[in-house]
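Just so you know, all these numbers are worked out from the coordinates, no wet-lab data involved. All of these numbers come straight from a predicted model, not from anything done at the bench. Here the Cβ positions follow ideal geometry from the backbone for every residue, glycine too, while neighbour counts run over all protein chains shown.
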Amino acid sequence: MFYLKWKKCINYFKKKIPQSEFNMWIRPLQPKIKKKNFFLYTPNNFFLLWIKEKYLKKIKILVKKYFNIKSSHIKLIINKKIIQISKNYNIKKNENNQENVLKKYKFKNFIIGKSNKLAYQSAYHIAQNPGNFYNPFFLYGKTGLGKTHLLYAIKNSLEKKKYQKIIYIKSEHFVQKMVKSLKNNSIEKFKKYYRSANILIIEDIQFFSYKNRTQEEFFYTIYDLIEKNKQIIITSNCYPTKMKGINERLQSRLDSGLSVCINTPTKNTRIKILIKKSHEKNIFLPYRIIYFIANNFKSNVRELESILNKIQANLLFNKHKNITINLIKKILKDFLQVKKKKITIKKIQKIVSKHYNIKLSELLSIKKNKSIILPRQIAMTLSKNLTKHSLQEIGNFFNKKTHTTVLYACKKIKKLYNKNLIIQKNYNILLKKLSV
Ligand code: ADP
Ligand code: MG
């Protein structure tokens, strides 16, 4: 009965505020009645002040209504034990399926700056009138700059208008599905499906690199769709004709509509993004902190988001009176360190070839001498262990090796590392050299 009443109280907020805000602030509250008092436990002081400022007035009215308790008997109290509950909750929240996140990508929550204005405007234009202007619409740029956000903004806005048959697929899945249908003798069905789209959205097309059969099929699919004025929307990490391993005919087809770049955000845009996103998360950072983050993290928006998440979690679970630069530096220690030691595959290749006294061109060649194979396999393994690249991407850096070759190299080096002391020693020296 008690909890049922409490549920009724909080249901009010459930309807009134965004779910993320509800989960963050209302759900962790724990009520208890002792004698005549109604206590609400909160995890820390910061949390308590926040509740007091934003929700307490309404909570008092609701508690009076459902529990018949006078507002002077309603008290907020800190109880550290409940931290665990909200922490666990956050983990669950992170596991939430990605679809929900993607639904939130809209034009209205895309922050516009010099770096993405043209991309935004063209995407918006297409969402108003698909198939009639820029076809294909080719959006390219480095990771974390908002390509998927804009694609989903188009998709979500068209779906809201009940637009039918929007097919969205990641290139990787397109390849997998095609291979499967070739195996199952159902390639005709596959072709028909993609050619029936009114809008075909395909993400990260660089994945088609060196996959000739897929490229051919895709070429005819988009040819067919463009003929029928069906909109094609594509993203990639670089300009169509700069893509490695994509045949020329497809490249020029991809570039025959409108190709727009999203650049890394300028400082002003980074500041704008940080202010807007921190407010969305209910954290209010002094301007000099925003400025500090904008000055230190320049590469992409996804990184700015992770930084704000980290700060939010810290402020929520620790008592801080003042948000100082030093505090932020402490919170962001990991981010600042990773930044210092950014390791790339090219750097690994350079250091490994120097270490083994072989030419970089030899390391990347197809030569099969033992003195070259071993360093090459070590370089592949280091790339797998120290960067976020996939096996296939690593293979591409090594003169178009397949992902199985890279996988084989990693397994082999792991085995050797455990039984061959010289290899172990060299591997560790290389690790040290790379982390300088
Ligand atoms: P990409 O597809 O280019 O790798 P995403 O679209 O996945 O990048 O963007 C990464 C994150 O940054 C997403 O959460 C997205 O909402 C956010 N983001 C990127 N650009 C902007 C922007 N201009 N305004 C608001 N959020 C953005
Ligand atoms: Mg993306």
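Table for the structure above
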item: Gyration tensor (Cα) of the stretch 307-436, equivalent ellipsoid semi-axes in angstrom; result: 37, 15, 14
item: Cβ crowding within 10 Å averaged over residues, with 62-70, 308-316 ranked highest first; result: 308-316, 62-70
item: Aspartates and glutamates with Cα under 15 Å of Lys354, excluding same-chain neighbours fewer than 8 positions away; result: Glu362
item: Estimated [θ] at 222 nm from DSSP helical runs (n ≥ 4, -39500 (n - 2.57)) normalised by residues in the chain, nearest 500; result: -18000 deg cm²/dmol
item: Which listed pairs, of Lys272/Lys329; Lys192/Lys401; Lys359/Lys401; Lys329/Lys411, have C-alpha distances above 27 Å, in listed order; result: Lys192/Lys401; Lys329/Lys411
item: Considering only the chain, percent of DSSP beta bridges that pair antiparallel, nearest 5; result: 20
item: Lys183-Lys276 pseudo-label distance in nm [points 7 Å out on the Cα-to-Cβ vector]; result: 4.4
item: GNM result for the chain, Cα springs below 10 Å: residue of Asn132, Asn109, Asn184 fluctuating most strongly; result: Asn184
item: For the stretch 211-298, fraction of C-alpha pairs farther apart than 18 Å, in %; result: 60
item: Residue pairs, from the table Lys15/Lys58; Lys183/Lys388; Lys183/Lys230; Lys34/Lys54; Lys180/Lys384; Lys191/Lys228, whose Cα atoms sit over 20 Å apart; result: Lys183/Lys388; Lys183/Lys230; Lys34/Lys54; Lys180/Lys384
item: All Cα pairs of the chain, percent lying beyond 35 Å; result: 49
